[in-house]
Each structure stands twice: as C-alpha cells, then as structure tokens.
C-alpha cells in the first residue's frame, strides 16, 4: 500500500478508462481521477484540491504504468524539491525521458505555480528527474492525439526547454520525434513534430500565439485544417 495519494488527470484520451484501471491495480490503492477540466493550468491546480496529503503521485490520462513499478520503494521528496518525474518510453520513436512521465508532486507547489507554456515548469523549487522508467506514454491513441503530442512537444523544444535542457539535447529529441516511424499513428506524430517546429520558428516570441499550445479547441482546428476532419474523428 502506497503512503502517497494518487491522481489520474485525463481530458479526452480514448484509453483513459483502461489506463486508470491499470494504475489502480498497479498502485494497489484507490486512485482519484480528475477528468475533462478545460485549461491545463487550472486542471493541474485542481489536482491539489482532490488529495489529502502534501505529496502525491500524478499521472496523465495517457500514461500506462509499468506492471512492475514498485511504489513501496518511492522515497518522499526532499526539502526544496517540488516534483520528481520518472521516465517513460515513447512508443513511436523509442525515446525514454520525462515526457508524459509519472510525477511525485507537492500540493503546495501546485497552489503556488507560476506561468509557463509547459505548465509544470513554473513550479517553485527544484525538479528532480529520475532515471527509472515507470511506464509508457500512450499518446498515440488516435491520429489527432499522436499529432498533438508531436506538435506541442517539439514546438516547446524548438522554442527552448523551460526545464533548462541544453540545445543539443533538445535538437536530438526533435529529430527523433520528426522521424517517428514505430507504433500506431507514428506518421501523425512525425508530422506534428515538423509542424510544431515551424510554428515555434514563427511564433516563439509571440506569447499570445504560443499559448495556443494549451488550447484543445485551437489544436483540433489546426489539425483538421492540415489533415482533415476524418483524421480528427479517428
């Protein structure tokens, strides 16, 4: 039994129900769920209000936790650390890093969160990046979801990582995303990556436009304009 509360934060992911059940089975405890909240920053902040403990595990709605993840071995966050992020495996390009990863996070840090396009990068305090792989980020559940993942991540990487990643690391990850060819809907993830880089080149310093990365309605409209309504429905 874990000493931490846990929350799955979902929005419109087709596999969210199944991944929620998987998370509950693996953690061996009741996992809370927050679903369909519009506004990414608002959704994360609301997570702080549904838990009873200061430190809690937070999973995205497309996170497939590894069956052998040992929650009993998870150490609490140290003083001054606001969040720990475990690595996930990317199913379309094989990368393993913190994208879509399981998080251990402080409720108080979410309540004091600042402003950033990559919302959790604005937490106060330090962020730890664990080397352990905690699962797979199953964002490739439809053409739209695969495209959105590539578009958002590569736009932010091309603009400059808000976590302070070196340019060489960002460039290598963008290249891997743009050459995605494994798993379901990989071509859409690759297209999203290329289009996200182009978007960043045009609007990286236009904060009002760049904030569209967190607007689901805008993202769906942009995808439909480039790839067709049928792909959105898929």
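Summary of values
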| read-out | value |
| --- | --- |
| Most mobile of 197, 85, 37 in a GNM of the chain (Cα contacts under 10 Å) | 37 |
| Segment residue 54-residue 167, length gained on full extension (0.36 nm per residue, minus Cα span) | 37.3 nm |
| Cα gyration tensor, the range 66-178 - rounded (a/c under 1.5), prolate or oblate | oblate |
| Percent of beta bridges antiparallel (DSSP, the range 5-137, rounded to nearest 5) | 45 percent |
| Evaluated over the range 143-233, the Cα radius of gyration and Dmax, each in Å | 12.6, 38 |
| Rel. contact order, % - alpha carbon contacts under 8 angstrom, at least six apart, the range 101-163 | 30 percent |
| GNM top mover of 56, 69, 139 - the chain, alpha-carbon springs below 10 Å | 69 |
| Gyration tensor verdict on the range 1-137 (Cα atoms; rounded if a/c is under 1.5, prolate if a/b is larger than b/c, oblate otherwise) | rounded |
| Chain lengthening between residue 224 and residue 205 when straightened (0.36 nm per residue, less Cα-Cα) | 4.4 nm |
| Average projected area [Cα convex hull, the chain], square nanometres | 11.6 nm² |
| Helix 167-178 axis, angle to the chain major axis (alpha carbon atoms, nearest 10°) | 70 degrees |
| FRET efficiency, residue 29 to residue 122 (Cβ-Cβ, R0 35 Å, nearest 0.05) | 0.75 |
| Helical mean residue ellipticity (222 nm; -39500 (n - 2.57) per DSSP H run of 4+; nearest 500) of the chain | -12500 deg cm²/dmol |
| Principal-axis tilt of helix 16-27 within the chain, Cα atoms, nearest 10 degrees | 30 degrees |
| Antiparallel DSSP beta bridges within the chain, percent to nearest 5 | 45 percent |
| Cα long-axis angle, helix 143-159 against the chain (0 to 90 degrees, to the nearest 10) | 90 degrees |
| Max mean-square fluctuation residue, GNM over the chain, Cα-Cα springs under 10 Å, options 43, 64, 193 | 43 |
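Only the coordinates and a few stated rules stand behind these numbers; no lab work does. This is a predicted model, so every value here is computed, not measured. Cβ: placed from backbone, ideal geometry, glycine included. Neighbour counts: every protein chain shown.
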